[in-house]
Every structure is written in C-alpha cells, then in structure tokens.
There are 2 protein chains.
Amino acid sequence: MESLSSHNIVIMFLSFGILLGSARILGEAAQRLRQPAVAGELLAGVLLGPTVLGMILPEWNAYLFPPHGPNAIALDTLATLSIVLFLLVAGMEVDLSTVARQGRVALKVAFSGMVIPFIIGYAAAWMVPQILGRQADADPIVFALFFATALSITALPVIAKTLMDLDLYRSDLGMVVISAAVLNDIVGWTIFAIILGLMDANSSNAWDISMTVVLTLLFAGGMLTVGRYLIHHAMPFLQAYTRWPGGVLSFAFTLAMLAAAFTEWIGIHAIFGSFFVGVAVGDSPHLRERTRVIIDQFVSFIFAPLFFASIGLKVNFATHFDFVLVATVLLIACVCKLAGGVIGAKWGGMPRRDAWAVGFAMNARGAMEIVLGLLALEAGIIRQRLFVALVIMAIVTSMMSGPVMRFILQHTKARRLQDTLFSRYFYRRLAAATRREVIREMTRATCEAASLDSEGIEAAVWAREEVLATGIGSGVALPHARVPGLREPLVAVGISEAGIDFDAPDGQPANVIFLILTPEDDPSVQLDLVAEIARRFKNEGMTDQVLRTKSFTEFLALIKQTGEPS
Amino acid sequence: MESLSSHNIVIMFLSFGILLGSARILGEAAQRLRQPAVAGELLAGVLLGPTVLGMILPEWNAYLFPPHGPNAIALDTLATLSIVLFLLVAGMEVDLSTVARQGRVALKVAFSGMVIPFIIGYAAAWMVPQILGRQADADPIVFALFFATALSITALPVIAKTLMDLDLYRSDLGMVVISAAVLNDIVGWTIFAIILGLMDANSSNAWDISMTVVLTLLFAGGMLTVGRYLIHHAMPFLQAYTRWPGGVLSFAFTLAMLAAAFTEWIGIHAIFGSFFVGVAVGDSPHLRERTRVIIDQFVSFIFAPLFFASIGLKVNFATHFDFVLVATVLLIACVCKLAGGVIGAKWGGMPRRDAWAVGFAMNARGAMEIVLGLLALEAGIIRQRLFVALVIMAIVTSMMSGPVMRFILQHTKARRLQDTLFSRYFYRRLAAATRREVIREMTRATCEAASLDSEGIEAAVWAREEVLATGIGSGVALPHARVPGLREPLVAVGISEAGIDFDAPDGQPANVIFLILTPEDDPSVQLDLVAEIARRFKNEGMTDQVLRTKSFTEFLALIKQTGEPS
C-alpha cells in the first residue's frame, strides 16, 4: 500500500506540531485580550501560510506545507477529520429542549437571514458580474446563484466556537443562532448542490438534486427521531457491557464517521453527519458528564485549533488582494446578512439588543464559505481575487462577531475568583499577628499596588469587620468592603503560617485571608466571590494545600484545578 | 493546495468508521474471552484487509481501502498519527522510579534478548538465505543483518498494549519489560540505520550512522534530564495561565509531534520521540489525574484500535503464505527470543516464573517488525513471502504473549463487584418481607440458577446471619456464606421497594440486598467484595439511585459508572 515516506513523516509531524503549538498560543493570547480563541487560531494559519511566512521565508513555507503531494493530503486529512469531530462536539452541546422552545424564532431568523442576502446577492451579481470577479466564460446565472449562496451561508463551526468562547452556546440566544445556522446551512448546501448540478449538463440534474434534498431531510429527521431513540436505548447497554467510558467514546466516534461519510455521499458536507450524530448522542441523559468532558476537551484543544489554523494556509491574502473588491464584498455581505438576521430576530419577537447580537452572530462566515469558494474556483466559476475576497470576508466577519456581540450584550464573564487574582495582590508571608494588623498590612500593600487611597479603604474594611468578624472557619477569613469608584472587583490574598484569630465559628485561626474590595454599584459580585470562596474551602484540606504552595503561580494553579471546570 | 475530493472524503470517513467500529467490537470480544484487546483489533484489520474481505468481496475491499492515491495516504496519516499518540500515552505511563529500580535487570534482559536472537538470526540467514527468502541479487551481509535485526526487535507498542490490557504495565515486571524493550528498540533501529547506510553506497555511511547514534543518545538523555526538568517547571505555569486541562493537553501533544519529527529526522522512528516526551511529561507530579485520563481514554479507545487494525490491511496473508517459511521463521524467532529473554531475566535474578513471563513478553513483535519488513521489501532485500512470514510471526508472537503470560503468572483480574454480577442473579422485586424470608427467597433462586444445592447454603447464610445481622446501614444488607466446592465468587442482588429490617446500625431497613457466596478456599475475596460494596454505598443517595433502576442493565451501568474507573 502507498504510504508516507520517512521524509513525509518528518514534515508531517513538524508541521502538525508547529500548527498546533502556534494556534494554541495565539488562541490563548486572543482570550487574554478578551477575543474568542478562534480569532487567534485563524491568525496562526495566516502567519504560517503563504501570506506571511510564504512572503518572508518562502522556502520554509514550502518545506513545511508543500502544496502538493502526500503532505498536502496528510494535512487535509487531519483538517477534515478535525472539523468533523469538532461538529460532533458542537452537536453534543445542542440542547434540543431549548431548540424546541426557540424553534419559531430560529425559523424566522433562518428564513430572513437567508432570503434577504440571497436576493441582494443575486441582484448584485447579475448586474455587475465583472466587478465581482466572475470568470469571463462562466454562466451568469450560475455565477449569480453562487454569489447569492456565498453571501447567505452562516459558518456553523465558527459561530459555534465563538459562542462557546463567549460562554453563550447553551443560552437561549445561542440556541436561536445555532438552530438558525443549521437550517441555513442545510438550505445553502442544497442550493449549492443545485448549482453544481446546473453546471454539469451531462448528469440527470433534477433527479440528483431532488435526491439530495430528500435524503438530507430523511437523514436529519431520522437522526432526530429514530436515531435518537436507538442511541438513547443503546447507551445503557454500552455502559454496562463495554469498558467505560471508552465504549461510549468509540461508539460516538464510529457513528460520527459513518454519518459523515453518508452526508458527504448524498451531496451535502460531511460535517452535517457528525453534527446530527452529536445532537442525538448528546441528548441522551445516559451520556455521563465524564464522557462528555473527555470528548469535549480533546476536540476543543487539539482538533479545533488545528482545523482553524489550517484555513489560513490555503491562500495568499496579499497577492490576490483587491481592495475595492474586498471592500465591496465585505460591505454587501455584512449589510444584507445583518439586515436579514436582525429583521428575523425582531420578527421573532426578540428585544432589539439581542436581535443585533443575533445579526452579528449570523454574519460570521468561515469554513463553509471557504469550502464553497474553493469548489467554485476549481469549477471555473470565480477568479482567484474573488476567492481571496470571500475568504477575507469570511475571516473578518468571523473575527468581528465575537467582540461585537460582547460589546452589544455588555457581556461580562461570570465573575469567578480565578479571574480576579493577580500576583501583585498576593502576600505569601504575612507579618501581622492580629486581625487589626493584618487588615492594615493587606489594605496598605494592595492600595499601593493598585494606586488607591488606602486610608478610607482600611477604615471601611475595619468598620465592616467590627460589626461582624469575617472568619468563616476552616482557616479562612474574608475581610471586605465596597469601594466607591472602583471599576473591577479586586481580591488580595494573604497567607499566615501561624494563623490569625478572626473569631471564626469553629474557633480555628485563619491562615488564608482574602481581602475583597468590590465596586460600590455592583452589590452582587461581593456575594458571588464570598460564596465561591466558601464553596472551595468547604473541601477538607484545602487550607493545608494552600499553605503548601510556594508561589502565586502554584496558588493560582491550585485554585483553577480544584474549582469548577473552566 | 491539493486536497481530498468529495469522493475521497466519503471513502475516508466510511473506512475510518468501519475500521474503528470493528476494531472496538472485536477488541471488546477478545476481552470477554480473556484475551488482550489488541488481538481483536489486529484481527479486525485482517478481516477487512486483502486476506478475507479482499478474497470474498475484492471490489468492496478496493473501494474501502484503495492501495494507492489520496485515500491510501489519508489512512497512513491516521495510522502514523495514531501510533505516535499511542506511544505518548505509553510513555506517560512509565514510572521512572520503577525503571531505575529495575534498571539492572532490564539491561540484562535487553542485552541477552538482543544478542542471542541476533547471533542465531545472523547465522541462519548466512547459511540458508534462499530458504529464508532473500532476494536473488541482495547483498548476503545486508540480508543477514536485516534478518538478525528483525528477530531481535521487540514491539514496544504491542507489548505496552498487552501489559496494559493485563493490568501489568506499571508493575515491576511490566517495567522490566518496557525498559528492556525501549533499549532493545533503540539499538535495533540504530542497526537498521546502519543497514540502510550499507545499502546506499553513495552516502557517507559512517558519518550518517554515527550521527544517528550520537543524536539518539543525546535526545534520549536530554529528554530524561533537561527536558524533564523544563517540562516539570513549565507545568504549573501552564496550569495557572492557560485554560485547564486544555493547556497541558495541547502542550503535551505539540511537544510529542515536534519530538516525533525530530527522531524520524535523525533516522530512528517517530514513535521514539513521542515516547520520550510521554516519559518526561508523565513523570511530573504536576500532571493531574484528570488530564492523564482524558489523554489516556481518547488514545486507548480511538487511536490505538485504529492503528492496530490498520496493520492487517497491509498484506494478503493467503496468497503469499508459505507454510514452511512461516513455520521456520516462527520457530527460530520464538526459540531465540525466548531464550534471550529468559536467560537475561534469570541472569538479573528474577524467579523462574517471572523470567518466562518476561521471555514471552519480549517475544511479542508487531508494528516495528512490519515497518522494518516493509522498508526491506521496498529496498529489495527480501521477497513478498518473507514479508508475509515476518508479519505472521509478528502477529502470532503478539497474540501469544498475552494468554501465555496470563497462564504463566496465573493472573486473575482484581476481583471487582462488577465482574461478579449477572442478570440471572438479579431479583428486581423481592417478595419477602423479613430477613428469614428474603434469605430463603434469594438463596433458592440463586442456587437454582447456578445449579447448586440450596438447602446447605441457605442454612449456612442464615447461621451467619443469626450470629451477627448483616445490615450495614444506608439501606444495604450483605448476607453471605462460604460455599465448599464453589469456584468463582457469586453475588446475587435483590431489591425490595418496601425495605426489610436487617438490624442495621442506623436503624434503616435494607432496600438492596447483596447475597455473597464465595469459595471456601479463598477467604480474601469475601472481604474485598464487602469492602467494595460498603465503599460504593457510603455515597449518599446510592440506594435511591439503585431503586430507580428498572433493569439489570441499568443497575450494572450504575455500578460501573459510580465506581472506581475501570
């Protein structure tokens, strides 16, 4: 059998390793900057691909990512496998009861978000085909249909990832967007199958196309009813009679791959198969959290970054860049998709702010657009420069959706302890021996580090402490105050080996002191933080573990690992 | 960029899905028959490959697993990635302190297990090259060196999997075998690099070969010292400043891939790189159990089965089958490798029984043999029929090692509750209302199902019950007796909705009654089972969960999921 040579294997692992490493580093960096991780992952591909590395060190780029031959196929295999597995996870996260509740709204969003861009796109492509980069000899109807479809499709994987990154995936809003995107994509791919059919004059078009439509509907419907029922009933058997959780894991993967093969075969994309398998598997209450976490972590941190980074490798964004075309495509795409999404959401009765968030979510394009564009390019419908413009439009709309949604929804992350901890507010060895002294020591150091007025704050903390001592037992004390003018909650941590009496109900001295300063106009955050600390330290031995940490890094690592999964 | 066509994608997912599904089904079946899972996984490939499917339905085989073109490359990509990731996990499981303790023995086993087969193999190949299938025009020295090396190499992945399947991997014996196999393989691949060097008259052989040897030693030594130190110190930072456990997960994978590229580049196989990364990462006490479990489960149940099944696809075991050659190769291989392993282990001071187990473990060949054989075939050193004989030898020795080791060590699985439960001893609705009645009801039904004499057993259980009531609280009772002549422990489970008074310390009636019958000559098993049940039901709400189960399958699923990981 044909196989990879030793040289191919070297390149393969080198390129996979570099791709995964840089996608993850930039993904983490993006999250630090409060952007969705997917933005950093896409950027990693652009940097390593023809656009940047290919310009600066073309021989390195050609060495790592040869455009032809076994290594190109190996990379495409990994990317294709990754996107299919990512959609399995995205499907598993779908909560069918929410979809059912949001179904009416989702239908309206999908309809309006599809029809409006389609009509505008068709009209534009019909009127000014040359400006939009039609191949000279391409059929104008086919080109107009393609352009209209390209504007109408929402990128299910990108928007799923963005919603997950923003912690909105399982919310009502998230499920409206996902349901609408699924409907949208199914219709979009069906239209695309029609386009390909129109181009191929030899095939019995009408028959092929109607088969695709019928089989797609049968598959989706079958998976959500019979498939779901069978999976639900197979699950306890698998858990009882195979190794656990491995049995369920390989069952889900096998099904996902077979379904991917099926949907690709009937003429829509492989990702739909695994998505619907994910929905059916994830809906079973027999799927335990542990199995879900294994699949989710592995796919989110290995496969998804690899896929999103691989997109950037596909084109040179510099040489085929045509500013006017890019701006035109981007403008038309955003305006008509936003209009469609917002109108649909308002029609469905959503409040204005949510409707705009839905609009920007539906506006995200990505992988689908690029696959579509690639097929059109290969089929001779469009030119390179339109392909580049479509890819840039896809990436820009994808990168835009996260930040804009965050801005519109004024979405702040659930305030968790780990997000408020910083090394400059960490005092490993407190000198103080009494309650009064430790409050002075910690407020002064903290206020100096944060450039705050220490006197007023110290007085406020002590006043609160005198009303009722804040020792909560288990060696923990939580002196606190609300501070006028503070914008973000600030938690300082002090550790005292000897312990300080904070008049706790269990009589134990406090070894770990959290000084909690919160904005005056945000009363709930103080409660949230106090509750979280109490919950974490209910765990026996937590205080001892904190006493064993030697640095802020170790302390933070301990807090993150013993807490709720992030 | 060159990419997979839609047709390629259909075949790819179809073949991956079928391969994974059948490997896992036969793997589970092998375990039911008390064989290592890897035997079933290898068999899945033989059934789907040219040997069986290719004979019965050649067009199906050619459709699913085309020998050339993008799909062959895609399958090889997945198989190569899988084996590298599997070795990462195998490396993570290595316990360096055990290796250090067993180092002296391992060294002797590796030395003797290498030198003896090498000398015998070299002599045989030198004397009867035609019988052993040398290519007519191949250099006799090169052929003899190849044959000797092929006999000497131990299959690290296969033996690692077998030891894991037998629950022996982290034992002293397991670590002797793994350390010896690692040393063995490093030397083997170095010799093979020398062989390839000898064949290629144009290259500056001596220089290339000594570079490989030096770089291999530098890499292995560096990973185990500097690499281990750096990874150990990077871990808390990753856990504190990246998402957890995803940060550590992608760190380990990125390192593994880069190291795989490096070791493949220096002339030994990619799997060594990821193995040593695994050793270094797994050795850090900062690697949390949860991260380890995610990697382990995913790789063991997805990647490993795919790889082992893919081996069987590579050759037709029927057409190139030469019985005399196969028997000769198999005989020489087993005799000299067994002799080497056993002599080495006894020389290292191991007891006779363990020494034989080590011999059979070292005797397992597999992937490495096949890769080596494939390279030799492509380089024109050996003929097809020797290749087939080597592959069969590899598979037979691999399949032999598990059962023989189990037999030699009289290895019985840790007796766990879930292994003793069967639906025929499960009584969902007990009719009895008193202790006396329920013991009668359960012993009679159980003895009937198990064809035992019920009278004596009922008397024994009741006598024990009268001495001291067996209600342990939380709604559980554990009537029990030792039964002369019984060979396996037998646990019957009865559920009473109303509850039966078993005089428990907490005064609660018992809803779940375990009737435990154990062999008279095995006193410890009763204690083990009682302790396990008590531990499981300490968990609040466990009894309520049992009362909610509707069938034996649901009950068994509950027991497996709430227990220790399997």
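Its relative contact order, with pairs defined as Cα atoms under 8 Å and 6+ residues apart, puts the range A:417-562 at 26 percent.
Label positions at B:ALA449 and B:ARG428, each projected 7 Å from the Cα along the C-beta direction, are separated by 1.3 nm. Since only B:SER401, B:VAL142, B:PHE307 are under comparison, the one whose Cα sits farthest along the positive direction of the charge dipole of the range B:61-409, derived from C-beta charges on Lys, Arg, Asp and Glu, is B:SER401.
From the cross-link list B:LYS108/B:LYS337; A:LYS108/A:LYS346; B:LYS108/B:LYS346; B:LYS108/B:LYS161, which pairs have alpha carbons spaced over 20 Å apart? Violating the 20 Å Cα-Cα cut-off are B:LYS108/B:LYS161. Between the alpha-carbon centres of the range A:216-231 and the range A:263-282 there is a gap of 11 Å.
If a/c stays under 1.5 just call it rounded; otherwise compare a/b with b/c (prolate if a/b is bigger, oblate if not). Do that for the range B:33-147, with a ≥ b ≥ c from the square roots of the Cα gyration tensor eigenvalues. Note, shape of the range B:33-147 comes out oblate. Dipole size of the range A:414-484 about its Cα centre, with +1 on Lys/Arg Cβ and -1 on Asp/Glu Cβ: approximately 280 debye, rounded to the nearest 20.
All distinct Cα pairs of the range B:282-389 go into the 1/r average, and the inverse of that average, the Kirkwood radius, is 17.1 Å. From least to most packed, judged by other beta carbons within 10 angstrom and beginning with the fewest, B:TYR425, A:TYR63 follow the order A:TYR63, B:TYR425. Annotation for B:PHE407, label-to-label distances across the other copies: 7.4 nm (shortest first, one decimal, point 7 Å from Cα along Cα→Cβ).
Only helices reaching 30 angstrom along their own axis (Cα) with mean Kyte-Doolittle hydropathy no lower than 1.6 count here, and for the DSSP H runs of chain A these are A:70-92, A:172-199, A:323-347. The residues A:ARG32, B:ARG383, when put in order of fewest to most other Cβ atoms within 10 Å, stand as A:ARG32, B:ARG383. Taking Cα centre as origin and charging only the Cβ of basic (Lys, Arg, +1) and acidic (Asp, Glu, -1) residues, the dipole magnitude of the protein assembly as shown rounds to 80 debye.
Cα centroids of the range B:301-333 and the range A:299-336: 46 Å apart.
Quick one: grab the alpha carbon gyration tensor of the range B:287-339, order the square roots of its eigenvalues as a ≥ b ≥ c, and give me rounded if a/c is under 1.5, else prolate or oblate depending on whether a/b is larger than b/c. Verdict is oblate for the range B:287-339. Positive-end ranking of B:VAL10, B:THR51, B:ALA39 along the dipole of the range B:1-88, with charges on Cβ about the Cα centre, is headed by B:ALA39.
Legend: calculated FRET efficiency, A:ASP506 to A:PHE407, from the Cβ-Cβ distance at R0 = 35 Å, rounded to 0.05, equals 0.15.
Remark: the range B:405-485 projects, on average over all directions, an area of 7.2 nm² (convex hull of Cα atoms).
Remark: the range B:61-409 carries a charge dipole of roughly 760 debye about the Cα centre, counting +1 on each Lys and Arg Cβ and -1 on each Asp and Glu Cβ. In this assembly of identical copies, the label point of A:LYS550 (Cα plus 7 Å along Cα-to-Cβ) is separated from its counterparts by 5.7 nm, sorted shortest first. Taking a ≥ b ≥ c as the square roots of the eigenvalues of the Cα gyration tensor, the range B:470-517 is classed as prolate, since a/c reaches at least 1.5 and a/b is larger than b/c.
The Rg/Rh ratio of the range B:417-562, with both radii computed over alpha carbons and Rh defined as the Kirkwood radius, is 0.92. Here the simple spin-label model places points 7 Å from the Cα toward Cβ, and for B:LEU107 and A:ILE56 these points are separated by 4.7 nm.
Fewest-first ordering of B:LYS560, B:LYS550 by other beta carbons within 10 Å of each residue's beta carbon gives B:LYS550, B:LYS560. Mean sequence separation of contacting Cα pairs (under 8 Å, at least six apart), scaled by the length of chain A, corresponds to a relative contact order of 17 percent. Using a Debye calculation, one point per C-alpha and no hydration shell, please list log10 I(q)/I(0) for the protein assembly as shown at q = 0.09 Å⁻¹ in order. So the normalised log intensities are -1.23. For the residues of A:37-50, the average number of beta carbons from a partner chain within 10 Å of their own beta carbon is 0.
Compared with the alpha-carbon gap, the fully stretched path from A:THR319 to A:GLU2 is longer by 110.6 nm at 0.36 nm per residue.
Take the alpha carbon atoms of the range B:410-473, find their center, do the same for the range A:444-459, and report the distance between the two centers in whole angstrom. Cα centroid to Cα centroid, the span is 70 Å.
For chain B, would you read off the P(r) tail past 34 Å as a percentage of all alpha carbon pairs? When all Cα pairs of chain B are counted, 50 percent exceed 34 Å.
Every read-out reported here was derived from the displayed coordinates using simple, explicitly stated rules and does not represent laboratory data. Everything quoted here is computed from the prediction, not taken from an experiment. Reconstructed Cβ throughout: ideal geometry from the backbone, glycine too, with neighbour counts over all protein chains shown.
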